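Novice: Quick one: this structure, given as structure tokens, is what I'll be asking you about.
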Amino acid sequence: MTPQEMTEIRNKRIMAALNMEKPDRIPINLSGQGYFKWIDPKAVLADMFRKPKYIDDLTLQAYKLPIIEEMDSAPMVGFSSEAGLAAFAACYFAKIKLPGRELPEDAIWNIDELGPMTEEDYDVAIDKGWAYLTAELYKRIGFDPASLPPPDMEYMGELMKKVAELGKTSIGMGSAMPMPSFEVLSGARKMTNFFKDIRRMPDKVKAVLEIMNEETIAQTVETVKKGPYNPYLFVGGTRAGSDFISAKVYEQFYHPYYQKLVPALQDINVKTWFHNDSDWSGFLPYFTEFPKAQCIFDPDHLTPMETLKKVLGDKMCIEGNIPPGLLAVGTPDDCYKEARRLIDLMGDTGFMMGVGCGVPANAKRENVEAIILATLGK
Amino acid sequence: MSKKLIDAMADLDEDLVISEVKTLVSQGVPALDIIAALQEGMSTVGKRFEEKEYFLSELIMSAEIFNEASQLLGGVGGEGATSKYGTFVMGTIYDDIHDIGKNIVTTVMSSNGFHVVDLGVDVPTAKYIEAIKQYQPKVIGISCLLTTAFDNIKECIQSIEKAGLRKDLKILIGGGPVDEATCKYVGADHVCKNAQETVEYSKKYMGV
Ligand code: B12
């Protein structure tokens, strides 16, 4: 079979799951950042930034290992540049710290929150818009998007060819990352200040969130229309959850973003991929208002799959949800059993096998293999 | 005891807490009495959390307000602080900077009457060892949210043991991805899922 044919099968498989139809088998979405170590055990996380091309190459090799090659998702390559991470951190107005520079050789990269926004800035955003304030805040943290080195297009082209040869699917990535306004504002103010703001000046916070929602969603739609078509768009959320905030706060300050985003994406034929860390069980009922098979829910290990199945099981595809700690310190037997338990619970329709948030950089190869084998029914 | 201060703390009214503490200090009310009022307010916060009237965001805010107020009094965890229940040393393990959970646990412990020594985040083994020698706690806590730092906890615990400091010491761990399997892997005594469990475990172990 050619790689293109393989990709077609995998695309079909994943689309069936996402559309709540029965796929030929349960899709396996287990991409992670540390697979290069399986090829060169001496390689460390600092090498991701020192020798990114070497690390990309090792990662591609890891994807061809027996059993691992059964994974449907595309490898995480081409990401390990300081510029890329700096841009990601800037979404939260944070700075990036790198292994081998500020951190030990084999530590995971770090987001150092700066919280540059002041209480007075709420008025600036109301008067001049969120984009204006964002530029101001970037100046304050010393981040200049224009000064980022442009991506090496020639290398990226070569890399994409190599990825294509693996015959994977890249459904779900998309060309924009529309972080919910609640998350962005929480980063801009720093979490504790933001929670205090909600208590002390709820109307002002709401006004700014509304402005941000408008601007972000319009810009996202614009970017998605211009970029290569992807049927799903990934939306991250980590600073809320029903353990973090009350339903009242969620309803007024967070959920309106999703209520605007989902239909805006639906209008351009794109579905929403919710990636939500922390415990969201108490808020899941709010997600039932979205049309069937228009979204997917991809939680971390703190939202129990039982609850997801019960509340959202007949509404949207659910991905997950092996705990990351299990991949790092558990045995292959533990991982196999947990994967089987999930399959028995979730069934084969509207479910994708995955790990809470992402496969950790110190996941054991045998453990990832065990999950794949369990999903293949071997 | 100042009912105004207790209520302000329980209602997370930061400005009122600060101004009330200042007033009480200027009236010559002993620091210990003021702290007792803050602790009383914090226990209401804890109750409201259990009753799901408050959430983690409120606990996070209460931790900050409580700490800010106790700074005005020279800190609850300061040198020579007296405590009903003994000392609890805690930090986030090296290479990890997550501090939200740690701050909640340390604050809930001090508002429950423990003398808390907060070592901060990204804490190297040497600092834990130094603190154990200095304060001789019966219980210490290591917070960790990164699976890539599990080996660091393991190293830290082994070093504490090698230094001969493990004998009467219980080592608790906690943080999002930490579970029983992690506990076994790193050689800790117990995992706590939240701050309240930490209080209960420590009270029980310290014979309170
Ligand atoms: C907020 C957050 C951040 C913030 C941290 C802000 C801060 N000042 O702490 C920011 C954005 C900076 C951040 C950065 C990163 N994060 Co982060 N983060 C989170 C998140 C969403 C919530 C953590 C939190 O504060 N929860 C709320 C508190 C109250 O809960 P808690 O910490 O668990 O604490 C409670 C209990 O566990 C217990 N407890 C905690 N510690 C202890 C200790 C003892 C002794 C005891 C008894 C009890 C106890 O009591 C607390 C109160 O109930 C989690 C998701 C999750 N599911 O945990 C990810 C998470 C921890 N992050 C993760 C990662 C990977 C990162 C990054 C590496 C970047 C990235 N790739 O996303 C960086 C690196 C940070 C570093 N080097 O330290 C992963 C870690 C998993 C893994 N693979 O190892 C998580 C689990 C997300 C995920 N599901 O993958 N993060």
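Novice: Would you confirm whether or not region A:77-85 contains a residue that is within 14 Å of another protein chain (Cβ to nearest Cβ) and within 16 Å of the ligand (Cβ to nearest atom)?
Specialist: no
Novice: Hey, among the residues in region B:95-123 that are among the small types (G, A, S) and crowded, with 24+ Cβ neighbours inside 10 Å, which one's nearest to B:T148 (Cα to Cα)?
Specialist: B:S110
This table checks each residue for (1) at pLDDT below 90; (2) more than 16 Å from the ligand (Cβ to nearest atom).
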| position | (1), (2) |
| --- | --- |
| B:A69 | no, yes |
| B:L73 | yes, yes |
| B:T107 | yes, no |
| B:G120 | no, no |
| B:A131 | no, no |
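Residue-by-condition table, conditions (1) at pLDDT 95 or above; (2) within 14 Å of another protein chain (Cβ to nearest Cβ):
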{"residue": "B:T87", "(1), (2)": "no, no"}
{"residue": "B:A126", "(1), (2)": "yes, no"}
{"residue": "B:I140", "(1), (2)": "yes, no"}
{"residue": "B:I153", "(1), (2)": "yes, yes"}
{"residue": "B:I160", "(1), (2)": "yes, no"}
{"residue": "B:L165", "(1), (2)": "yes, no"}
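Novice: When you go through (1) among the acidic types (D, E); (2) within 28 Å of A:M177 (Cα to Cα); (3) away from the ligand (no atom under 16 Å from the Cβ); (4) at pLDDT below 95 one by one for A:D267, which number turns out not to apply?
Specialist: (4)
Novice: Can you report the number of residues in region B:1-41 which are touching a Gly at 6+ places or on another chain (Cβ under 9 Å), open to solvent by 10 Å² or more (accessible area, probe 1.4 Å) and β-branched (V, I, T)?
Specialist: Qualifying residue count for the region: 1.
Novice: Out of the residues in region A:347-369 that are away from every other protein chain (no Cβ under 14 Å) and over 13 Å from A:P27 (Cα atoms), state the one that is least open to solvent (accessible area, probe 1.4 Å).
Specialist: Only one residue tops the list, namely A:E369.
Novice: Of the conditions (1) within 11 Å of another protein chain (Cβ to nearest Cβ); (2) of a type in the set (A, V, I, L, M); (3) touching a Pro at 6+ places or on another chain (Cβ under 9 Å), A:L308 clears all except one; give me its number.
Specialist: The failed condition is (1).
Novice: Additional query: Which one is most open to solvent (accessible area, probe 1.4 Å) among residues in region A:54-95 that are of a type in the set (S, T, Y) and in contact (Cβ under 8 Å) with a residue 24 or more places away in the chain?
Specialist: Result: A:S81.
Novice: Could I ask something else about it? So which of A:P360, A:P323, A:P299 is closer than 17 Å to A:H275 by Cβ and touching a His at 6+ places or on another chain (Cβ under 7 Å)?
Specialist: So the residue among A:P360, A:P323, A:P299 that is closer than 17 Å to A:H275 by Cβ and touching a His at 6+ places or on another chain (Cβ under 7 Å) is A:P323.
Novice: Could we say that B:G175 is within 14 Å of another protein chain (Cβ to nearest Cβ), over 14 Å from B:F88 (Cα atoms) and in contact with a strand residue (DSSP E or B) (Cβ under 6 Å, 6 or more places away or on another chain) here?
Specialist: So B:G175 fits the description; yes.
Novice: Related question: Give the residues of region B:166-186 that are in contact with a Lys or Arg (Cβ under 7 Å, 6 or more places away or on another chain) and under 15 Å from B:T125 (Cα atoms), sorted by residue number.
Specialist: B:V186
Novice: Here's something else I'd like to know. Sort out which residues of region B:158-178 are buried (at least 19 other Cβ atoms within 10 Å of the Cβ) and either away from the ligand (no atom under 12 Å from the Cβ) or in a strand (DSSP E or B) (or both), and write them in order of number.
Specialist: B:I160, B:I171, B:L172, B:I173, B:G174
Novice: Another one. Just need a number here: residues in region A:182-197 that are closer than 21 Å to B:L16 by Cβ and surrounded by 21 or more Cβ atoms within 10 Å (Cβ to Cβ).
Specialist: Adding up the residues that qualify gives 2.
Every residue, every condition in (1) modelled with pLDDT of 95 or more; (2) surrounded by fewer than 16 Cβ atoms within 10 Å (Cβ to Cβ); (3) touching a Pro at 6+ places or on another chain (Cβ under 7 Å), yes or no:
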site	(1), (2), (3)
A:E214	yes, yes, no
A:Y232	no, no, no
A:V235	no, no, yes
A:A240	no, no, no
A:I245	yes, no, no
A:F253	yes, no, no
A:K260	yes, no, no
A:P263	yes, yes, no
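Novice: Right, another one. Take B:I60 and decide whether it is within 14 Å of chain A (Cβ to nearest Cβ) and either away from the ligand (no atom under 16 Å from the Cβ) or crowded, with 24+ Cβ neighbours inside 10 Å (or both).
Specialist: So B:I60 does not fit the description; no.
Novice: For region A:158-178, give me the residue count where each residue is open to solvent by 10 Å² or more (accessible area, probe 1.4 Å) and either of a type in the set (G, A, S) or in a loop (DSSP other than H, G, I, E, B) (or both).
Specialist: So the answer is 10.
Novice: While we're here: Output the residues belonging to region B:42-57 that are within 17 Å of A:S246 (Cα to Cα) and open to solvent by less than 60 Å² (accessible area, probe 1.4 Å).
Specialist: Once the filter is applied, which keeps residues that are within 17 Å of A:S246 (Cα to Cα) and open to solvent by less than 60 Å² (accessible area, probe 1.4 Å), region B:42-57 yields B:V45, B:G46, B:R48, B:Y54, B:F55, B:L56, B:S57.
Novice: Collect the residues in region B:179-208 that are in a loop (DSSP other than H, G, I, E, B), crowded, with 16+ Cβ neighbours inside 10 Å and within 7 Å of the ligand (Cβ to nearest atom), keeping them in residue-number order.
Specialist: B:C192, B:N194
Novice: Tell me, yes or no, whether region A:219-227 has at least one residue that is free of Cβ contacts under 8 Å to residues at least 40 places away in the same chain and within 14 Å of another protein chain (Cβ to nearest Cβ).
Specialist: no
Novice: In addition: If only one of A:D298, A:D314, A:D333 is within 14 Å of another protein chain (Cβ to nearest Cβ) and in contact (Cβ under 8 Å) with a residue 12 or more places away in the chain, which one is it?
Specialist: Testing whether each residue is within 14 Å of another protein chain (Cβ to nearest Cβ) and in contact (Cβ under 8 Å) with a residue 12 or more places away in the chain leaves just A:D333.
Novice: Then there's this: Can you tell me which residue is nearest to the other protein chains (Cβ to nearest Cβ) among those in region A:96-137 that are hydroxyl-bearing (S, T, Y) and crowded, with 16+ Cβ neighbours inside 10 Å?
Specialist: My answer is A:Y122.
Novice: Applying the selection to region A:198-210, what residues are out of contact with any Asp or Glu (no Cβ under 9 Å at 6 or more places or on another chain) and surrounded by fewer than 20 Cβ atoms within 10 Å (Cβ to Cβ)?
Specialist: If the condition is that a residue be out of contact with any Asp or Glu (no Cβ under 9 Å at 6 or more places or on another chain) and surrounded by fewer than 20 Cβ atoms within 10 Å (Cβ to Cβ), then A:P202, A:D203, A:K206, A:A207, A:E210 are the ones that fit.
The values are calculated or read from the model by the stated rules, or taken from the named source; none is laboratory data. Everything numeric in this text was worked out from a predicted model, so none of it was measured. Glycine gets a Cβ as well: all are built from the backbone with ideal geometry, and neighbour counts include every protein chain shown. What goes into the accessible areas is simple: the full protein's heavy atoms, side chains included, and nothing from ligands, DNA or RNA. Shrake-Rupley method; radii C 1.70, N 1.55, O 1.52, S 1.80 Å.
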